[in-house]
Amino acid sequence: MYNNRTKINALLTGDNIDFETTVMGWVRTFRNNQFIAVNDGSTNNNIQVVIALDLLDDATQKRITTGACIKATGQIIASLGKGQKVELKATSIEILGDSDAEKFPLQPKKHSLEFLREIAHLRFRTNTFGAIFRVRHSLAFAIHQFFNDKGFVYLHTPIITGSDAEGAGEMFRVTTLPIDGTAAKNDDGSINFKEDFFGKSTNLTVSGQLEGELAALAFSDIYTFGPTFRAENSNTARHLAEFWMIEPEVAFNDLEDNMNLAEEFIKYIINYALVHNKEDIAFLAQRLEEEEKQKPVADRSEMGLQQKLDFVVNNNFERLTYTEAINILKNSNHNKKKKFQYLIDEWGTDLQSEHERYLVEKHFKKPVILTDYPKEIKSFYMRLNEDGKTVAAMDILAPGIGEIVGGSQREERYENLVARMKEMNVPPEELDFYLDTRRFGSCVHAGFGLGFERLVLFVTGMTNIRDVIPFPRYPKSAAF
Ligand code: ATP
Ligand code: MN
C-alpha cells in the first residue's frame, strides 16, 4: 500500500500524541534547515515537520523547497513551538516531487489575486484559494443535503439543448458544421441545420428550468444543479460565461411558498458552511478585514464576514414589491441628488445593479426579495398577476453581490401562456413539449435559479466571481 498517510487536518484536530505516522504534502516553507511547514490541502494549517540537523545529507536537504512534494514519517509529539498543538518529529524524509525554487511561481509571500488568476492551475496551493474551494465544496454538498432531506429528486437536465426559445442572443452554438463558409445552405442562403450533427440548430443550455418544469409536474419536487452557459459579453465581476446554477421547481408552490423555500435554502447552506468550515471562514474573514483596511473609511463595510453571515442566517429577508422599491428609489436622496448613473423616474424601467445595491446596502441593510415586476421586463413563463401589468416574479438581492436568485410562479394557464409567448415573440410551436404540461394536468407551480458562484462569493467575502470557480471562463479567456 502506497497511501498509508494520515491527513494533516486529522493530526492537527485530533487528541492523539506519541505515535508514529506518515504525512504527504507540499512544502510551504523551510526554516533554519530544521522546520518544514507541510500542507496537504485538508486544512489551511500546515503541520510542522521537524528534522534533526543530521537526518538528511546536504543534497537532499537542498531539495526541500517551496512547492516540493514530500513524504515525512516520524513521531507525532506535543509541539514545543508556538502556534501548533502537535508536530511531526521526522525519522525519514522522501522527496516525492522536486520543485525548482527559482522557477516556482508561488513564493512564501502575498500575491495579488490578479496574478494568481493567471496561474489558476497553481493557486489551489495558496491559503486563500484552499479556503475558497473547500467552502465551495461544502456549499455544494449542503445543497444536495438540503434537497435530499426534503425529498426532492435531483434531475439532470441536458447541457446541449435544441430549444432556443430562451435567451436566444446569449447562447453558445453547438455544431459540427464547417465554419469556413462551406456549410450547406438553404435556398434563402441560411445555414441548413438538417445537415448538422443533431439535424437541427443546438446550443449550450442557459437554464434547466423548462425541462425542470416537465419533471416537477410528475415528481412534484425536483432540483437541478449543473453548469449553464451564457455568451453575454458582460465583463463584470459578477458574470461568467460558464457558471453553475441550482434550480428547484416545485408543483403546488405559489410565489410565497417559492420565497419561503429560497430563504430557508439560502440560510441552510450558509449555516452549513459556518458550522463545517469554521477555520476557512475565519481565515477569509481575516483576509477581507485586511483588504477593507486599504479602503477609505466611508467605503468600508460595517460588518465583518462572520458577522454578515450570522446576520443573514438569523434575520428575515425584507420582502417588497417592485412598485414599492421604485417608490423608495425615486424618493431617495441618492436619486434626487442625481447620484445614480441611471435615474429612476418612471414605473416600468428595469433596475440596474446600482439600484439593487442601494436598496440592499444603504436602505434595508439586509437581503431583499423583490416581487411582482412589470411583465415587459420579465420572461414569458412568469405568471400574470390580477392587475394584468405585473408578473409573479421574485429576485433575491444580496449585500455586495446584487441579484443572487431569480425566480417566479410559473404561468400554468394554457391560454395565458400562449398569449404571453406571442406577445414576447416566442414561437409556441418551438415549445410544444413545454405546452403539453399545461395541456395535461397543469397545476400551480414555482421555482427559482440560484447562481452558485454568486453564493460562493457571498460566503467567502470575495469580490470577483473569477476567484470562486476553479477555472473561470469569460470573454477572451478560456485558459486551462
Ligand atoms: P443578472 O441580471 O445578474 O445578469 P439574470 O437576470 O440574467 O442575472 P437569471 O437569468 O435569472 O439571471 O439567472 C438566475 C441566476 O443565475 C441569477 O440570479 C444569478 O445568480 C445567476 N447568474 C445569471 N447570469 C450569470 C452569469 N453570467 N454568471 C454567473 N451567475 C449568473
Ligand atoms: Mn443576465
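Ranked highest first by average number of other Cβ atoms within 10 Å, how do 292-298, 71-77 line up? Before the final figure, lay out the partial values.
Working: 292-298: 8.6, 71-77: 19.0.
Ranked from most to least packed, the peptides come out as 71-77, 292-298.
Set the Förster radius R0 to 35 Å, insert the Cβ-Cβ distance between V313 and N233 as r into 1/(1 + (r/R0)^6), and round the FRET efficiency to 0.05.
Details: r = 36 Å, r/R0 = 1.03.
Efficiency computed from Cβ-Cβ geometry: 0.45.
Determine the gain in length on full extension of the stretch L113-E195; use 0.36 nm per residue of separation and subtract their C-alpha separation, reporting nm with one decimal. Before the final figure, lay out each step's value.
On the way: separation 82, 0.36 × 82 = 29.52 nm, distance 4.56 nm.
Separation in residues times 0.36 nm, less the Cα-Cα distance, equals 25.0 nm.
Compute, for segment 6-134, the length of the dipole vector about the Cα centre, with Cβ point charges of +1 (Lys, Arg) and -1 (Asp, Glu) only. Units Debye, rounded to 20. The partial results should precede the final answer.
On the way: 16 positive and 14 negative charges, 113 e Å.
The calculation lands at about 540 debye.
Could you tell me what fraction of 2.2 N^0.38 Å the Cα radius of gyration of segment 205-350 comes to, as a two-decimal ratio? Mind showing how you got there, number by number?
Values: Rg = 19.5 Å, N = 146, 2.2 N^0.38 = 14.6 Å.
Against the compact-globule rule of thumb, the ratio is 1.33.
Out of every Cα-Cα pair in the chain, what percent are more than 42 Å apart? Could the numbers behind the result be given before it?
Working: 34811 of 114960 pairs.
Roughly 30 percent, rounded to a whole number.
Residue-wise, which Karplus ³J(HN,Hα) couplings in Hz belong to segment 32-45, taking 6.51 cos²θ - 1.76 cosθ + 1.60, θ = phi - 60°, and x for glycine or proline?
6, 6, 9, 10, 9, 8, 10, 10, 10, x, 6, 7, 6, 7
With angles folded into 0 to 90 degrees, how steeply does helix 209-219 sit against the dominant principal axis of the chain? Use alpha carbons for both and round to 10.
The angle comes out near 90 degrees.
Output wanted: per-residue J couplings in Hz (rounded whole) for segment 122-135, from phi through Karplus 6.51 cos²θ - 1.76 cosθ + 1.60, θ = phi - 60°, x for Gly and Pro.
Once θ is set to phi - 60°, the couplings for segment 122-135 become 10, 5, 4, 8, 9, 4, 4, 6, x, 5, 4, 7, 6, 5 Hz.
Taking the beta-carbon count within 10 Å as an exposure proxy, list K365, K338 from fewest neighbours to most. Kindly include the intermediate steps, with their values, before the conclusion.
Values: K365 15, K338 8.
In increasing order of surrounding Cβ atoms, one gets K338, K365.
Once all Cα-Cα distances of segment 318-421 are split into 10 Å bins that start at 0, what whole-number percent is in each one?
16, 46, 28, 9, 1
On a straight-distance basis, which lysines could pair with K200 in a cross-link, Cα separation under 25 angstrom, same-chain partners fewer than 8 positions away excluded?
Partners within reach: K185, K422.
If the cut-off is a Cα-Cα distance under 17 Å, which lysines reach K110, setting aside same-chain residues fewer than 8 apart in sequence?
Partners within reach: K293.
Normalized C-alpha radius of gyration of segment 156-238, against 2.2 N^0.38 Å? Before the final figure, lay out each step's value.
On the way: Rg = 15.6 Å, N = 83, 2.2 N^0.38 = 11.8 Å.
After normalising by residue count via 2.2 N^0.38 Å, the value is 1.33.
Taking the Cα centroid of segment 193-257 and of segment 402-480, what is the distance between the two, rounded to the nearest whole Å?
6
Measuring from label point to label point, each 7 Å out along Cα→Cβ, what is the K337 to E415 span in nm?
5.3
Of K308/K366; K336/K378; K62/K109; K62/K103, which pairs sit farther than 18 Å apart, going by alpha carbon to alpha carbon?
Details: K308/K366 9 Å; K336/K378 27 Å; K62/K109 20 Å; K62/K103 15 Å.
Those over the limit are K336/K378; K62/K109.
Taking Rh as the Kirkwood radius computed over C-alpha pairs, what is the Stokes-Einstein D of segment 309-379 at 37 °C in a medium of viscosity 0.692 mPa s, expressed in µm² per second?
Values: Rh = 12.8 Å.
Reported coefficient: 255 µm²/s.
Which value results when the Cα radius of gyration for segment 132-277 is divided by 2.2 N^0.38 Å?
Values: Rg = 19.0 Å, N = 146, 2.2 N^0.38 = 14.6 Å.
For segment 132-277, the normalised Cα radius of gyration comes out at 1.30.
Charges at C-beta only: +1 for Lys and Arg, -1 for Asp and Glu. How large is the resulting dipole of segment 193-232 about its Cα centre, in Debye rounded to 20? If you can, show how the numbers build up before the last one.
Details: 3 positive and 6 negative charges, 21 e Å.
Around 100 debye, computed over segment 193-232.
Using a Cα-Cα cut-off of under 15 Å, which aspartates and glutamates could be cross-linked to K7, ignoring same-chain neighbours fewer than 8 residues away?
D15, E20, D40, E87
Which of the listed residues, Y2, I159, A37, is farthest toward the dipole's positive end in the chain, when Lys, Arg count +1 and Asp, Glu count -1 at the beta-carbon?
The residue sitting most towards the positive pole is A37.
Across segment 269-280, in residue order, what do the Karplus-derived ³J(HN,Hα) couplings come to in whole Hz, using 6.51 cos²θ - 1.76 cosθ + 1.60 with θ = phi - 60° and x for Gly and Pro?
Whole-Hz 3J(HN,Hα) from phi for segment 269-280: 6, 5, 4, 4, 5, 4, 7, 9, 10, 3, 5, 5.
Restrict the search to segment 42-133; then list the GluC sites (Glu not before Pro) that DSSP places in a loop and that have at most 15 other Cβ atoms within 10 Å of their Cβ.
Taking segment 42-133 and a limit of 15 other Cβ atoms within 10 Å, the loop GluC sites (Glu not before Pro) found are E102.
Express in whole angstrom the spacing between the alpha-carbon centres of segment 170-186 and segment 36-111.
First find each Cα centre; the distance between them is then 53 Å.
Per-residue counts of other Cβ atoms within 10 Å, averaged by peptide: what ranking do you get for 231-238, 304-311, highest first?
Values: 231-238: 13.4, 304-311: 17.4.
Per-residue mean Cβ counts within 10 Å order the peptides as 304-311, 231-238.
Values in this text are rule-based calculations from the coordinates and carry no lab data. Only a predicted model underlies this, so the values are computations on that prediction, with no experimental measurement involved. Glycine also receives a Cβ, built like all others from the backbone with ideal geometry; neighbour counts cover every protein chain displayed.
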